[in-house]
Every structure is written in C-alpha cells, then in structure tokens.
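Reviewing the structure listed below.
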Amino acid sequence: MNPQAPGVLARRFAAALPPGARLAGYARAGRPPVPAAEDRAVWDAVDPATRERILADAQAHLARPAPVLRASDWARTFRDGVRTAYEDRARALRDRVALTTLAAVLRDETAPAGAPPGTAPCLDAAADGLVALLEASTWCWAPHERFAAERGEQLPDPDRPFLDLGAAETALVLAWADHVLGARLDMRLPGIRRRIRREIRHRVLDPFRDVRDWHWLGLAGDAHNWNAWIHHAVLTCALLLVDDDTERAALVRLVVEGLDHYLAVLPDDGGIDEGVAYWWLGAGQLLESLDLLATAGGPALDARDLPLLAELVRYPLRMHLAGPWYVNVGDAPARQPDPQPWQLLHRWGLLLGAADVTAHAAAQGHALALDAHPAQGLGRTLAALADPRWRAARRAEPDPRAGRPPAAVWLPRVQLLVAREAEGTAAGLTLAFKGGHNGERHNHLDVGSFTVALDGRPMVVDVGKPTYTAASFGPDRYRAWPLRSDWHNVPQPGGQGQLPGARHGARDVVVRLAGDCASCEADLAAAYPDGLVRSWRRTVRLVRGRRGGAAHVLVLDTTGQVPAGGVLLRHVLAGEVTLDDAAGTALVTAEGGRALRLGWDPALLTARLDHRDLDDPQLRASWGDRLARLTLAPRDPEDGSTGLRARVRIERAGKAPHPQAQVPGEMPPGFTGR
C-alpha cells in the first residue's frame, strides 16, 4: 500500500470544524441529494418503466407476510455456523421497508392517523417495517457481536448495542425513510419519528461517539471497507436526524477523523485488493460521504478534489470484461450479483471530468433497463431516481466507442495486471495476473494466480467466494475449498498450497507493457512454506499477435529444483472441457460457441481433469452447475534434479464470432434489474 498523508480531511476541514463548532442542518444550509416526497416535480418525473416495476414489486410484497426476525435463526451462527438464516431475513425486511417507502413516495401516499386501513397501504407497510426494525433486539450481525460473547451468551443485550455493518445498513434505511417521508410518517403513526431518532441515537450515534476503539476505525493502520461503510451511515444519520447544530458538528468531526484512517491506506493507483464488488461497499461509501459533506457544508467541507479520487473512480472500469463480468480477486465474484448503483459512479465521473467513467456507468445502467432498484439500498435508489442527468444518460443509447477499458493497466500497489488483446473492446483475450500477498482483505491463497477471458467471458477463472458462514473470518477460513490454492490457478510445489499472512507474497515483480505484448514476472517462492522452494519464477504474458501470429497467453513456470512430492499446476476452467492428454491440449467451450485451447508439451507434462459440482448459490450465480480443474504434473516426478520449465499456451480455438459489446448469456434469464 502507498498511504496518503494521514489526517488529510481533518486538516482540510480544520477551520470549518474546530471544537465547539456549529454545523447547521440540511434544512438551513445546503440541500440533501434527495428531496422529500412533497417535491412532486422530482418524483412525478421518475421513468415510467422504473415506477411501474417498483410499484408492482411493492404490491407483490404487500400480498405476502413480512419477514420475521427469529432468535433461533440468529442462534444458528453459534449452533451450526449458518449466518444467512438470520441475515437473509434481516436483509429482506430492510428491502421491504425500502421498497414500500419508495412506493409510498411515488404514489404520493399520505393519510391521517384516524384514516381506515387501506387508505395508504404502502405508507402503512413502510411504517410497519420500520417499527419491526426499531423493535429488533439488535441490528448487528451475529458473527460480529462481541459483547454477548464476552458474557458467554448468545442473545444480544439491547442495552449494549454493537455497531457493525448490519447496524449501519439498518440505520441508513431508517434515516432515509424518515427523511423522504418526513411528516407523513408522524401524521399516519404519531411518535414513529421520535422513536427512529431514539433508536439510532442509542444503537449508532452514542456507541460511535462513546467507544473510540472500534476495530473498524483502523487506528493501527488496518482500515478496510467497514470503516467507510459505517462512517457513511453515521454521517447520514447525523446530518438527517440530529437537530442540535453543535452535536451534529462534533459527530461530523469524528467521522472526518475516522475516514482519514481509510484514506490513509487507499493505494494512490486506485486499486482495491478486495475486488470490484467491495469497491461499492468501501470506496463507494467514501465517495457518498464526501458528497454529503460537500452538500452539508459547502466549499468549506468539500474534499472531492483529492488526487486519489480520480484514480479510485476508474477501478471498476479498469476491471471490466463485458456485460456483468469483471476481473475478480479475493471474495469478489466474477459476475456482479445485484444491480449496482451506477448513478453514483456516473455522478462522480461528471464531477471529475472522467468521460470514460461516466460512459461506463451509463452503459452498465442502460443494460439494467431501470434507473434504480431498492436492492441498491434506499438512499442510493432515491438519489438515482432524483437525478435527472442520470435518468437521461441511462436511457440514451450507449456510445460503443466510449467508456471502454484501456489495453493494459498495472496497479503496482495491489500488484494487479489487466491486459486486453485490443484497446476499447471486449473482443479477443483478456489476461489478469495477481501478485500481492496472502494477508490482504478477503484474502485467498492465490499469489501468482491468473485468469483469462475470451470475448469478455472468463474461462480460466477465479472461483470467488462461497456463501459466508461463521467460519469465513476466523481460524477455519481456509477450510473452504474455493479459498485454497488447489482451486486457484497457481502452482503447488511438493503438492502443497500457499500459506496465509502478509509475509507470504510475490517478490521481485517485473511488469512490461508494450504495444505487442504485456507481461508480469514474479518469484512466488515466499508464498509457500519456508524452504519448500528457493525460487519459483512465474511469467504470464499476453501476446497480441500483431506480427502475423495468433494472439495468445503464455504461462511459464521455472524452478531450479522440484521438491519431494513433485509439482501440480492448477487451472480452474468454466465451460465444457475436452482433454487430450496425448496431444497436450484441453479445449474449453462456453456459451455462444466460443472456445479456448490450452496447450503444453505432452512429453514433459501429463494432465488430469476433474470436476466440482456447485451447490452454493453464490458460486452457481457465476458459474452454473459445475467447474472443471485441469492439473498438469511432470511425467517423471521423481527426477527433480534438473528443475522444471513448464510452458502453457492459451489461445482462441476455432472461428467463433466475438461480439464487441455483449456476451451471450450476460444476464440471467428474466433479469430486468433486480
């Protein structure tokens, strides 16, 4: 990492936020990015297709019972490690509140307390959901709750709330629902807004102010996405719900100090070692916080010109393959799951004059066919629906020449290379190579791994993460097979996998970028147990084929001595695989007829193919029913005295067409933006 100067925000805002400062609320200074429901000029202008979809989904939710949060589901984290039983219900309840809140706004529902049931059905459903959240014993997620564990208990104590990501998400829903529905909530259910403020103060604002050693603050220099995520929620609640100007300023000052810890660890190349999906949850939350600060305090609280941000907003574009496919590292999936808040990236592209970012965001939004959906989060959805520039950009036909990723990008701080056969198009081969170390956030044991996509479709792949359990972030993390070396595209000298920890990483990394090729070379020996190999040089190169030959990827592994147990060279493949060991080839065929050929010297290496059926829903969302694994090994594993020089060539097979803008099957059947 290349830390920014610590305290950059605190120094920038020192004059505006001295101790004892007063910060006027949105009603008196600045304007929130979302108007209240009474601003019908905004809400009546929402795209008809988006409006109809939201109202239809809300109606479907009203026709079935609301999710109920159950203690037995909460306890499963401690009983059998299943955390999703509770978290899925809590998320579904928040989504229901968000959806019915949006529907109440779009339908312009309002009713006095004495009006009969059915007068304002969406407003009533939103209020019911809000109260259900307010009455929950905790907003925390069970694996994060430390206070109960300290007492040897499982049931959380409402008098000692734990401030985590779950609490942040719930607070955001409550704060934005209170803001956009405003007095309509209190008119329909008198007292609900006072209760919202009481619970947010008790569960979020007071713990944030009074406990100053939360692990996610990053005081030891290890800030991560929790920092930006939770600080964004605290800032939103402080600006929208706190009435006292002095208290508001004090909370904002603490948020600024906390965000400084996150800014300090962000690489100056804009890289995110947690992957694109986590960009939205960390970097994206940071950008939203900077937006809120600027609109609340004007120029005195505007830090959106920090040089780092211009690089940070380009990360998703740089990782893009085609359609919903992105280069993935760590726990991030290759196929982006839910609709992402592209309006946020579009807004920042406009702000920073980054036309490529703006065009990429608009094209991705256009593919979803909706301006926004509550799955993005209530605040983000409201902001998208209220943004006329976003609505116009999303409905416009994308310019196929704009918003395309560069031919190659090297992010030295996270040691990630992405190289494409041709600039500005998904057609052909795309290579990604990951160096780094095994102490990264959401780390997998995968130093030196690479992926290859053909026409934007990953075919030599990074599996991604399975559904989280209670063991996902503890000492048993690497028992999950998708996280281990044997299911990544890395060598296994001596048949052994890599070890966790920051000292186990790539060394002597050399990158070469030229017009006809792009390559990365690294010594991987330190990623493995001490003394296993003295050196393991891996070179991965994309040759663009501009001198008459075919474009291809070369992977060269070189070591001076093969350790006892031989060598296994792993390749995880997505598609139907046909292996010809005698010829030294494997053919991978994916949808649309695109095919990739892997070739090696059959006199040197022998091949084995095995398959892994997938039953985890998150893995199936990217890869379908199963994945294949091609393992290459020396034909004479006993003779390692002469070392090993193994070469694998990967190239297109056949003449399958390569679309410029789309990949067949790029959206799941029936996908329209959920």
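All conditions in (1) touching a Gly at 6+ places or on another chain (Cβ under 7 Å); (2) within 23 Å of residue 574 (Cβ to Cβ) hold for residue 335, with the sole exception of (1). Going by the structure shown, is residue 177 within 24 Å of residue 76 (Cα to Cα), modelled with pLDDT of 95 or more and crowded, with 17+ Cβ neighbours inside 10 Å? It is false that residue 177 is within 24 Å of residue 76 (Cα to Cα), modelled with pLDDT of 95 or more and crowded, with 17+ Cβ neighbours inside 10 Å. For the residues 584, 566, the requirement of being in the same structural domain as residue 541 (by TED's automatic domain parsing), within 21 Å of residue 495 (Cβ to Cβ) and in contact with a Gly (Cβ under 7 Å, 6 or more places away or on another chain) singles out 566.
If residue 251 satisfies every condition in (1) assigned by TED's automatic domain parsing to the domain that holds residue 109; (2) assigned to a helix (DSSP H, G or I); (3) more than 25 Å from residue 95 (Cβ to Cβ); (4) of a type outside the set (Phe, Trp, Tyr) but one, which is the exception? Looking at each condition in turn, residue 251 falls short on (1).
Here residue 340 fulfils each of the conditions (1) part of a loop (DSSP other than H, G, I, E, B); (2) modelled with pLDDT of 95 or more apart from (2). Residues in segment 553-564 that are touching a Pro at 6+ places or on another chain (Cβ under 8 Å) and of a type outside the set (A, V, I, L, M, F, W, C): 557, 559, 563.
The residues on offer are 94, 89, and the sole one that is surrounded by fewer than 18 Cβ atoms within 10 Å (Cβ to Cβ), among the basic types (Lys, Arg) and touching an Asp or Glu at 6+ places or on another chain (Cβ under 9 Å) is 89. Within segment 586-600, residues that are polar (S, T, N, Q) reach partners that are surrounded by 22 or more Cβ atoms within 10 Å (Cβ to Cβ) with beta carbons closer than 7 Å, at six or more positions or on different chains, in the pairs 589/575. Considering 76, 31, the condition of being farther than 25 Å from residue 191 by Cβ and at pLDDT below 95 is satisfied by 31 alone. Cβ separations smaller than 8 Å between residues 6+ apart or across chains give the following pairs from segment 288-312 residues that are surrounded by 15 or more Cβ atoms within 10 Å (Cβ to Cβ) to residues that are assigned to a helix (DSSP H, G or I) and among the aromatic types (Phe, Trp, Tyr): 309/348.
When you go through 219, 205, 240, 189 one by one, which is the residue that is touching a residue at least 12 places away in the same chain (Cβ under 8 Å), closer than 21 Å to residue 35 by Cβ and among the aliphatic types (A, V, I, L, M)?
On the way: 219 fails: closer than 21 Å to residue 35 by Cβ; 205 fails: closer than 21 Å to residue 35 by Cβ; 189 fails: closer than 21 Å to residue 35 by Cβ.
Result of the check over 219, 205, 240, 189: 240.
Annotation note: Cβ proximity below 6 Å between a residue of segment 172-186 that is on the phi < 0 side of the Ramachandran plot and a residue that is among the basic types (Lys, Arg) (sequence gap 6+ or interchain) occurs for 173/94; 178/193; 185/193; 186/193. Return yes when residue 371 is more than 14 Å from residue 46 (Cβ to Cβ), among the charged types (D, E, K, R) and not in a helix (DSSP H, G or I) and no when it is not. Judged against the criteria, residue 371 is not a match.
Given the criteria in contact with a Leu (Cβ under 9 Å, 6 or more places away or on another chain), more than 22 Å from residue 135 (Cβ to Cβ) and hydroxyl-bearing (Ser, Thr, Tyr), does residue 100 qualify? Against the criterion (in contact with a Leu (Cβ under 9 Å, 6 or more places away or on another chain), more than 22 Å from residue 135 (Cβ to Cβ) and hydroxyl-bearing (Ser, Thr, Tyr)), residue 100 does not qualify. Of all residues in segment 186-198, those satisfying the criterion of being in a helix (DSSP H, G or I) and surrounded by fewer than 23 Cβ atoms within 10 Å (Cβ to Cβ) are 186, 187, 192, 193, 194, 195, 197, 198. In segment 469-484, the residues that are more than 17 Å from residue 615 (Cα to Cα) reach residues that are part of a loop (DSSP other than H, G, I, E, B) with C-beta atoms within less than 6 angstrom, at least six apart or across chains, in these pairs: 470/81; 470/83; 471/81; 478/484; 484/445; 484/497. Among residues of segment 46-63 being among the aliphatic types (A, V, I, L, M) and part of a helix (DSSP H, G or I), the one that is farthest from the chain's Cα centre (by Cα) is 62.
Residues that are polar (S, T, N, Q) and in contact with a strand residue (DSSP E or B) (Cβ under 6 Å, 6 or more places away or on another chain) number at least 1 in the following strands (runs of 3 or more DSSP E) confined to segment 427-475: 429-434, 450-454.
Could you grab me the full set of residues in segment 559-591 that are within 25 Å of residue 482 (Cβ to Cβ), part of a loop (DSSP other than H, G, I, E, B) and touching a Phe, Trp or Tyr at 6+ places or on another chain (Cβ under 7 Å)?
Once the filter is applied, which keeps residues that are within 25 Å of residue 482 (Cβ to Cβ), part of a loop (DSSP other than H, G, I, E, B) and touching a Phe, Trp or Tyr at 6+ places or on another chain (Cβ under 7 Å), segment 559-591 yields only 574.
Can you spot a residue in segment 133-140 that is modelled with pLDDT of 95 or more, farther than 28 Å from residue 51 by Cβ and assigned to a helix (DSSP H, G or I)? Yes, the conditions are met somewhere in segment 133-140.
The values are calculated or read from the model by the stated rules, or taken from the named source; none is laboratory data. All figures in this text were calculated on a predicted structure; none of them were measured in a lab. Cβ sites come from the backbone with ideal geometry, for glycine too, and all protein chains shown count toward neighbours.
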